Amino acid sequence: MSAIRLDGFAAKFAAEDDPWRTFTNRDEAIKRAAILHGLGPAPLGRVLELASGNGSNSAAIAPRARRLDATEGTREGTALTAAAIRRWPRARALTLVLPAPLPRPVYDAVVVAELLYYLDPAAMAAVARAVGRVMRRGGRLVLAHHRIDFYDFAQTAAGINQRFLAATGVAWQVTPIRATRRWQVLAAIRR
């Protein structure tokens, strides 16, 4: 595997607003519904989304959150996310290259979708520890990732959600939300 870097994602977003058809693809809509289900009933408090991409999930989360910090590693993706959530004044798009300190000291929910296998194991572990530190007790972590490998991953998809949870350093009550042959969504409540 030859991992894609941030400049590769930036180029994709510069060339096309929706390179993976996340706003229009039926499978992506099903995955997004599973993510929302994993977050639980609205209203949500402070929500962090890591690697928001073009904001397709952000636009679905924003109306349910009292505060949304949608972070993206590229300026191009951050601009697309900002456009997707502009209707919600309590949602903001931030550029955040991971691993890095997270924007707020405490969150009620964190969404990590289609990110972890693009990080090398050390970077993923650093992000996991950061998420563990900012998640309040009883808060929800929603993980949504492919179960199959693609050519541009830094690490294998198999077991990625479980490896991330183990690396947080905190205890979780895990509930599978939905899985297909291609992807899995799970929710974890911090104990």
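Some observations on this one:
- Here the contact order of the stretch 85-191, divided by its residue count and restricted to Cα pairs under 8 Å and six or more residues apart, works out to 28 percent.
- Percent antiparallel among DSSP beta bridges (both partners in the chain, rounded to 5): 40
- Using a Förster distance of 35 Å, the FRET efficiency for Thr24-Ala158 (Cβ separation, nearest 0.05): 0.80
- The stretch 110-191: translational diffusion in µm²/s, Stokes-Einstein, Kirkwood Rh over Cα pairs, 20 °C, 1.002 mPa s: 170
- Of the labelled figures [x] 149; [y] 102; [z] 133, only one reflects volume of the Cα convex hull per residue in Å³ as derived from the coordinates, namely [y].
- Most positive-pole-ward Cα, Ser56, Ala125, Leu141, against dipole of the stretch 1-154 from beta carbon charges: Leu141
- Distance between the stretch 47-90 and the stretch 153-176 - C-alpha centres, whole angstrom: 23
- Inter-site label distance for Arg5 and Ala122 at 7 Å from Cα along Cβ, in nm: 1.6
Read the figures in this text as sums done on the coordinates, not as results from a lab. Just so it is clear, the model here is predicted, and its values are computed rather than measured. Every residue, glycine as well, gets a Cβ built from its backbone with ideal geometry; the counts of neighbours run over all protein chains shown.
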